[in-house]
Amino acid sequence: MTLAIATYAAIVSTCSLVVAFFAYRQGGPRVDAKAACDPRNPTMHVAVFNKGRGATTIARVEALAYIPQTEKTTGWWRGYSDDELHHRLEGHSSVTVDIELVHDQFARPVSADESPSTARGTGYAIVMLSDGRVLYRRAKIERDFLFPARKVITPQPNP
């Protein structure tokens with residue numbers, strides 16, 4: 001009788017452990033992103049945070065920024081991560097993707113009434129995940145910023 005009770009308890013506790021493990025993993029990824037761009041060095045820094053339990057894959061990161069220039073031109077800058085970025089982001093982790101921005105063909109000369117002190121920049125980061133979700137985040141255009149990231153990926157710029 002004692003052997004039957006012990007066997008039953010072992011089976012029930014093992015099944016309970018399996019169910020608890022799958023329930024824990026079903027929490028899934030909760031992905032968020034922040035972006036910033038330094039106007040002196042046109043590079044967009046996109047920090048992607050996975051605050052959930054499950055892992056996810058970052059398929060691609062795109063960046064678009066309007067950076068007012070103090071000298072000759074002002075206009076839009078754009079950049080893309082590699083098409084084959086596919087970085088695996090485990091639960092409770094973060095990564096920063098640095099994207100070099102190139103000047104877009106729609107640059108224009110700075111007009112005489114535009115002063116550098118009144119011109120304001122803006123930027124956007126688009127993070128595409130492998131499951132089809134897309135995050136759109138507005139980027140800060142500022143000189144000094146820090147991202148608490150564990151790993152930095154620097155993809156090669158696409159021509």
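FYI, it's all coordinate maths here, none of it is from the lab. Keep in mind that this is a model prediction, so the values were computed, not measured. Neighbour counts run over all protein chains shown; Cβ positions are idealised from the backbone, glycine included.
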*Based on the mean of other beta carbon atoms within 10 Å per residue, what is the order of 129-138, 45-54, most packed first?*
45-54, 129-138
*Please give the length that would be gained between A10 and S93 if that part of the chain were fully extended, namely 0.36 nm times their separation in residues minus their C-alpha to C-alpha distance (nm, one decimal).*
26.4 nm
_Extended-chain gain in nm, criterion 0.36 nm per residue less alpha-carbon gap, R40 and V19_ = 2.3 nm
*Return the loop-located trypsin sites (Lys or Arg not before Pro) in the range 1-41 (DSSP other than H, G, I, E, B) with at most 11 other Cβ atoms within 10 Å of their own Cβ; answer none if there are none.*
R40
